[in-house]
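In what follows, a structure is listed as structure tokens, so that the remarks can point back to it.
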Amino acid sequence: MPTVRVFFALWPDATVASALSRIARRAAPPDARLMRAQTLHLTLAFIGDVPAERLPAIEAVGDQAVWPRCLLRLDQLGHWPHNQILWAGSLAPPDALAELANALSDGLRAIGMTLAPRPFVPHITLARRCRHAAAVDMPPVDWSVEGGVLAVSQRAPTGARYLMRRRWPAP
Ligand code: ATP
Ligand code: MG
């Protein structure tokens, strides 16, 4: 049975993505692996590898969610030593984001998907294999969130490639 690796996410527009890329280049050490601008995203619910026949039910979970319009101010740079990730986040994320992530996770569990019981920590991975991060200021980047996507992850040694399977615009 063919499987696909999928996740719900918010995908920034090119302006937000290039602003984040610039910040990543300043903050990551030269040997880190920077995410390409067009691959930057915020994961809402990670589903993982599923049989392709589950996709219609997963898409129906996206159809039932209320995709909010909100302003996400990215104004925090963080570094997790345990997985060597440099990330951008928000000191005050809008409640709508966690509500959306929870609604998607609840919907996925209701169709029988098993999700990791991790709390939702909204972040955008900027670089991997980052052993330390430079102490640079994070100039705030304002992202007008207007919907989201179901993305397919095709992993390769050079880094994951993501395909947009569905898009949900905010009403
Ligand atoms: P690679 O694994 O090849 O380095 P990647 O992590 O971007 O690339 P995926 O593993 O397919 O690709 O993950 C897709 C998205 O889901 C990424 O944003 C990743 O951080 C996130 N993710 C992956 N696994 C989990 C998990 N168990 N819980 C929450 N989010 C996850
Ligand atoms: Mg991964």
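The values are calculated or read from the model by the stated rules, or taken from the named source; none is laboratory data. Just so it is clear, the model here is predicted, and its values are computed rather than measured. Here the Cβ is made from the backbone with ideal geometry for all residues, glycine too, and neighbour counts use every protein chain on show. Accessible surface areas use protein heavy atoms only, side chains included; no ligands, DNA or RNA. Shrake-Rupley method; radii C 1.70, N 1.55, O 1.52, S 1.80 Å.
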> Given the conditions (1) surrounded by 14 or more Cβ atoms within 10 Å (Cβ to Cβ); (2) under 16 Å from Trp11 (Cα atoms); (3) within 13 Å of ligand 1 (Cβ to nearest atom), which single one is not true for Val145?
Replying inline: (3)
>> For the stretch 18-28, check the following and say yes or no: at least one residue is part of a loop (DSSP other than H, G, I, E, B), at pLDDT below 95 and within 16 Å of ligand 1 (Cβ to nearest atom).
In response: yes
> If you take the residues in the stretch 120-171 that are part of a strand (DSSP E or B), within 15 Å of Leu97 (Cα to Cα) and not aliphatic (A, V, I, L, M), which one is nearest to ligand 2 (Cβ to nearest atom)?
Replying inline: Gly148
> Which numbered condition trips up Leu126, out of (1) among the aliphatic types (A, V, I, L, M); (2) under 13 Å from the mean Cα position of the chain (by Cα); (3) surrounded by fewer than 19 Cβ atoms within 10 Å (Cβ to Cβ)?
Replying inline: (3)
> Is there a residue in the stretch 17-35 that is open to solvent by less than 20 Å² (accessible area, probe 1.4 Å), touching a residue at least 12 places away in the same chain (Cβ under 8 Å) and closer than 16 Å to Pro93 by Cβ?
Replying inline: yes
> If a residue has to be within 24 Å of Thr3 (Cβ to Cβ) and outside any strand (DSSP E or B) to count, how many in the stretch 36-73 make the cut?
Replying inline: 16
> Does the stretch 36-57 hold any residues that are more than 19 Å from Trp80 (Cβ to Cβ), touching a residue at least 60 places away in the same chain (Cβ under 8 Å) and not hydrophobic (A, V, I, L, M, F, W, C), and which are they?
Replying inline: Arg36
> What is the residue count in the stretch 50-83 for residues that are under 23 Å from Leu126 (Cα atoms), within 16 Å of ligand 2 (Cβ to nearest atom) and either open to solvent by less than 50 Å² (accessible area, probe 1.4 Å) or not aromatic (Phe, Trp, Tyr) (or both)?
Replying inline: 2
